[in-house]
1. When only C-alpha pairs under 8 Å and at least 6 residues apart count, what is the relative contact order of region B:108-237, in percent?
2. Identify the chymotrypsin sites (Phe, Trp or Tyr not before Pro) of region A:31-89 meeting these criteria: DSSP loop state and at most 15 other C-beta atoms within 10 Å of the C-beta.
3. With the cut-off at 1.5 for a/c, could you classify region B:15-102 from its C-alpha gyration tensor as rounded, prolate or oblate?
4. Tell me the relative contact order for chain B as a rounded percent, counting alpha carbon contacts under 8 Å between residues six or more apart.
5. Could you tally up the Lys pairs in the protein assembly as shown with alpha carbons closer than 24 Å? Skip any pair fewer than 8 positions apart unless they're on separate chains.
6. What's the carbon and sulfur percent of the protein assembly as shown's accessible surface, probe 1.4 angstrom, rounded to a whole number?
7. Would you grab the residues whose amide H sits under 5 Å from the one on A:Glu16? Only those 5+ places off in sequence or on another chain, please, with H modelled 1.01 Å from N.
8. Name the residues whose placed amide hydrogens come within less than 5 Å of the amide hydrogen of B:Val246, ignoring near sequence neighbours (fewer than 5 apart) on the same chain.
Amino acid sequence: MSLELTEPGDEPIVLETLHGGDPVGWSWLFPPHRWAFDARCLTPVRLLQLDAAQLRALMHADPVFGLALTHRIGQLVVQRLHFTRAQLVEITHHDRA
Amino acid sequence: MTVLDVPTQGTLTSRPYQITTVRHQTHDIVTIDVAPQQYPIAFRPGQFDMVYVYGVGEAAISISSDPATPGLLSHTIRAVGWVTRALNDLQPGTRIGIRGPYGRPWPLEEAEGKDLVIVAGGIGLAPVRPAIVEALRHRERYGRVVLMTGARSPRDLVFRDDLDRWHADRGIDVHVTVDSAVRGWGGRVGVVTKLIPRVPFDPENAVVLTCGPEVMMWFSAEALLKRGVPPERIYVTLERNMKCGVGTCGHCQLGPKFLCRDGPVFSWPEVAGLLDVREL
C-alpha cells in the first residue's frame, strides 16, 4: 500500500509504502479525525477496519486500555517521524554522501 | 595472465591503466573499467585505489569490480570535486594512474557459517559489490545472504542490472527502496533503515556490512543493534578526506585512526564513539 500526496495536475508523490502489519494512520484518534493523505493498494490487501468512534468510546470507558493503546500509537508515531526525518536528511543532503 | 599479489600498503608508485569502458549509472555517477598497462594486482573486497587523472590530481575511489578478475578493475565515481568531475568526463582509451589497493577489506571470512547481511545506500553499493560477488561465488560458505539497498529516487539507483540479476538469483534476498518516488515506481518507498526490523535474517548469527552516507550508517547501526546484532559484527566503511592513502598526511585522521591505513572498514565499536564527536 502506498501513502500518496496528490497535487492537481501533477503526478502523485509516494511518501511511503506500507507493508504487512503496518498501521495505515492515526487520524482517527485525534480531532478533526480526517485523513491527510491518500492510501492506495499496490497488491491485493486484506485490511482490518475498526469503527473509530466506537474505539474512542471504548478507550474513554476503559482508561487502562486507552492508555495502553495511546502509548502504542505514540511509539508508532515516533518511529514514523524518525524514519521521515531520515528520509528528509537523505533527500536534502544528498551531496554529502 | 600473471597477477601480482603483493603488499601495496605504504607504496606511492602509480601504475598506468587505460580506460576500456565508461558506463553511466545515473546522471552523476559513472563506472569506469580500466585495464593495466603492466601486471594486474590482486585486491580484496572493500579496498580502494588512489586514482590519478594526469594534470588534474588524484582521489581515493573504492574498487567496485569482481576480485576474481583483477585484470579489469572498475571504479564507480560520483562527480563531486575537481578530480571526480574530471574522471566522469574521461573517454575510453584515456590513460590514468592507479596506486593501491589500500585499506582493510570487508571481513568475509568472519561471515562464513553465518548470515551475511549488506546494507547499502546510494553509491555505497559500489564498495560492497565485490563482497557480494565474492560471496555468491562461494555461496555454500554462508547462511542467508541479504542485501538491503536504497537510493534517493529510482533514477539514483546504481548497478540496476546487477540488482535485477541478484533479485532473480535464489542465492540472495534483495530488498530495494527509494526515499522518494512518483506513482509508477511500483517498489518500496522509505529509508533503507526501515527495512532492517522486518527483513528475515538471524541477528544473533549475522555479520553486517554497511556502506553509504555516515548518517545512514549511523541509523543502520542503531536499527541493527536494536534488532540484536552484536555490535562487533557490524562493519562500516569510512572514506573521509583521503589524500595520501598510506597513513602519512593525516588528512583522514579520525581521533587515533588513520582511515586509509586502519580502515576504511571498521567494526562499529571501533568508531562509534569517534563519529559522535563533532569537529574530530
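The values are calculated or read from the model by the stated rules, or taken from the named source; none is laboratory data. Quick caveat: nothing in here was measured; it's all calculated off a predicted structure. We place every Cβ from the backbone using ideal geometry, glycine too, and count neighbours over all the protein chains shown. Accessible surface areas use protein heavy atoms only, side chains included; no ligands, DNA or RNA. Shrake-Rupley method; radii C 1.70, N 1.55, O 1.52, S 1.80 Å.
1. Working: 228 pairs, mean separation 38.3, N = 130.
The normalised contact order for region B:108-237 reaches 29 percent.
2. For chymotrypsin sites (Phe, Trp or Tyr not before Pro) across region A:31-89 that sit outside H, G, I, E and B with at most 15 neighbouring Cβ atoms in 10 Å, the list reads A:Trp35.
3. rounded
4. Here the relative contact order equals 18 percent.
5. Values: B:Lys114/B:Lys194; B:Lys114/B:Lys226; B:Lys194/B:Lys226; B:Lys243/B:Lys257.
Summing the qualifying lysine pairs gives 4.
6. Working: 10160 of 18760 Å².
Percent of accessible area from carbon and sulfur atoms in the protein assembly as shown: 54.
7. Here the answer is A:Leu3, since their amide H atoms fall under 5 Å of that of A:Glu16.
8. none
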